[in-house]
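The values are calculated or read from the model by the stated rules, or taken from the named source; none is laboratory data. Here the structure is a predicted model, which means the values were calculated and not measured. Neighbour counts run over all protein chains shown; Cβ positions are idealised from the backbone, glycine included. Calculation scope for accessible area: heavy atoms of the full protein, side chains included, ligands and nucleic acids excluded. Shrake-Rupley method; radii C 1.70, N 1.55, O 1.52, S 1.80 Å.
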Amino acid sequence: MDSLNGFMVFVQVAETRSFVAAGRLLGVSASAVGKSVARLEDRLGVRLFHRSTRSITLTAEGALFLERSRRILAEIEAAQLELSQASTAPRGRLRVSLPLVSSLVLPVLGEFMRAYPEIELDLDFTDQLVDVIEEGFDAVVRTGAPADSRLSARRLGDFRYLLVASPGYLAQRGTPRVPEDLLQHSCLHYRYPHSGKLEPWVLRRAAGAPELQLPTSMICNNIETRLCFALQGLGIAYLPDFSIREPLADGRL
């Protein structure tokens with residue numbers, strides 16, 4: 001670092017032809033400038049300036065060294081600029097584990113790619129629990145409360161679950177009015193891949209009422225299948241609201 005400072009002092013003296021002016025630009029005394037130039041000359045073993053009481057001029061060696069010093073300082077400045085630009089424009093590989101709900105996250109990921117074109121997205125879609133550290137993920141998106149206390153979590157949003165069926169199914173089988181009515185219907189279920197258990201349907205019931213053993217007309221491990229079968233009139237599905245906005249709006253569910 002002292003050598004770099006010596007280059008900077010030397011260039012300022014060469015360009016201003018004055019220890020006093022160079023010191024003023026660098027924020028140090030003329031004496032400090034003179035000592036810095038003297039140390040640089042001692043290290044190089046040559047005289048860089050002809051000094052007199054009236055003027056300072058470059059020696060032949062000093063002129064050659066000035067050209068090289070300017071190139072060195074220009075390279076350092078360019079490197080600093082490149083690094084500062086890199087820090088303001090994120091780049092690199094981002095490995096993310098996401099749930100099997102592509103309709104929810106794909107539009108957002110598309111906007112992310114447009115905003116940060118230098119980032120390489122490595123996306124893994126699964127509803128399985130993953131080991132963030134062992135499997136090398138930078139971020140994981142999941143629903144529910146975090147299960148690993150070692151990880152920091154941030155809430156991204158929330159959604160509601162709704163019971164839905166097609167108008168044709170309800171016309172044929174009737175519309176359930178209370179949770180117990182579901183016992184007479186075809187129910188389309190989701191199974192958690194990590195535990196093998198069925199996703200519970202959270203229903204409004206009296207406090208202390210026993211859990212309903214709902215019929216299992218179909219079981220799968222994704223949203224798309226339950227949505228497809230509900231649209232075909234094959235049963236009632238318990239689905240997140242973001243997955244059924246369009247069919248609810250146009251009356252298909």
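Please state the charge dipole magnitude for region 93-252, taken about the Cα centre, from unit charges on C-beta atoms (+1 on K and R, -1 on D and E), reported in debye and rounded to the nearest 20. Provide the component values of the computation, followed by the final result.
Numbers: 17 positive and 20 negative charges, 133 e Å.
In total the dipole reaches around 640 debye.
More than 19 angstrom separation, counting every C-alpha pair in region 39-151; what % is that? If you can, show how the numbers build up before the last one.
Numbers: 4277 of 6328 pairs.
Above the 19 Å cut-off, region 39-151 has 68 percent of its Cα pairs.
Based on alpha-carbon centroids, what's the gap between region 48-95 and region 124-156 in Å, whole number please?
What the calculation gives is 46 Å, centre to centre.
Using alpha-carbon positions, what is the distance between the centroids of region 237-251 and region 19-44, in Å?
75 Å
For a quick check: with amide H placed at 1.01 Å from N, whose amide H comes under 5 Å from S166's, ignoring anything fewer than 5 positions away on the same chain?
For S166, the qualifying residues are G233, G235.
Cα atoms only: what Rg and Dmax, in Å, come out for region 137-253?
16.0, 51
Suppose all protein chains stay in the model; what accessible area per residue would a 1.4 Å probe give for the chain, in Å²? Can you show the working numbers first?
Details: 16600 Å² over 253 residues.
I get 66 Å² per residue for the chain.
Taking 25 °C and 0.890 mPa s as the conditions, I'd like the Stokes-Einstein D for region 47-91 in µm²/s, using the Kirkwood hydrodynamic radius from alpha carbon pairs.
Working: Rh = 12.9 Å.
D, rounded to a whole number, is 190 µm²/s.
Summarise the accessible area of the chain (1.4 Å probe, protein heavy atoms) by the percent that is carbon and sulfur. Please report the intermediate quantities before stating the final value.
On the way: 8850 of 16600 Å².
Answer for the chain is 53 percent, counting heavy atoms of protein chains only.
Are there any GluC sites (Glu not before Pro) in region 177-227 that are in a DSSP loop and have at most 10 other Cβ atoms within 10 Å? List them by number. Spell out each step's value before the answer.
Details: sites: E180, E211, E224; in loops: E211.
Sites meeting the loop and neighbour criteria: E211.
How many angstrom separate the Cα center of region 200-235 from the Cα center of region 103-119?
Region 200-235 and region 103-119 have Cα centres spaced 33 Å from each other.
Please determine, in degrees from 0 to 90 and to the nearest 10, the orientation of helix 102-115 with respect to the longest principal axis defined by the Cα atoms of the chain, where the helix direction is its Cα long axis.
Between helix and principal axis, roughly 20 degrees.
Expressed as a rounded percentage, what relative contact order does region 1-113 have, with Cα pairs under 8 Å and six or more residues apart?
Values: 69 pairs, mean separation 21.2, N = 113.
RCO, region 1-113: 19 percent.
From the square roots a ≥ b ≥ c of the eigenvalues of the alpha-carbon gyration tensor of the chain, which class results: rounded (a/c under 1.5), prolate (a/b over b/c), or oblate? Spell out each step's value before the answer.
Details: a/c = 5.24, a/b = 4.43, b/c = 1.18.
In terms of gyration-tensor shape, prolate.
Just read off the accessible area of S186 with the full protein assembly in place, 1.4 Å probe, to the nearest 10 Å².
20 Å²
When only the heavy atoms of the protein chains count and the probe is 1.4 Å, how do R177, R245, R204, R71 rank by accessible area, highest first?
On the way: R177 195, R245 150, R204 230, R71 120 Å².
In descending accessible area the options line up as R204, R177, R245, R71.
Determine the percent antiparallel among the DSSP beta bridges restricted to the chain, to the nearest 5. It would help to have the intermediate numbers written out before the result.
Numbers: 8 of 22 bridges.
Of the beta bridges lying entirely in the chain, close to 35 percent run antiparallel.
Which ³J(HN,Hα) values in Hz, rounded to whole numbers, follow from the phi angles of region 193-199 under the Karplus curve 6.51 cos²θ - 1.76 cosθ + 1.60, where θ = phi - 60° and Gly and Pro get x?
For region 193-199, the Karplus-derived couplings read x, 7, 10, x, 7, 7, 5 Hz, x marking Gly and Pro.
Might you work out the accessible area of E61 for me, using a 1.4 Å probe with all protein chains in place, and round it to the nearest 10 Å²?
Here the accessible area works out near 100 Å².
Hey, got the dipole for region 1-85? About the Cα centre, +1 on K and R Cβ, -1 on D and E Cβ, debye to the nearest 20? Numbers along the way, then the final one.
On the way: 11 positive and 9 negative charges, 89 e Å.
Magnitude of the dipole: close to 420 debye.
From Cα pairs below 8 angstrom and at least 6 apart in sequence, can you work out the relative contact order of the chain, rounded to a whole percent?
Relative contact order of the chain: 15 percent.
At q = 0.27 Å⁻¹, what is the log10 ratio I(q)/I(0) for region 175-241, with the Debye formula run over Cα points and no solvent?
Debye intensities relative to I(0), on a log10 scale: -1.33.
Once the piece of chain linking A79 and H194 is laid out straight, how much longer is it, given 0.36 nm per residue of separation minus the C-alpha distance between them?
Values: separation 115, 0.36 × 115 = 41.40 nm, distance 4.89 nm.
Result: 36.5 nm gained on full extension.
Rounded to the nearest 500, what is the 222 nm mean residue ellipticity of the chain from helices alone, with -39500 (n - 2.57) per DSSP H run of 4+ residues and division by all residues? Before the final figure, lay out the partial values.
Values: 8 runs with 102 residues, N = 253.
Calculated from helices alone, the mean residue ellipticity at 222 nm is -12500 deg cm²/dmol.
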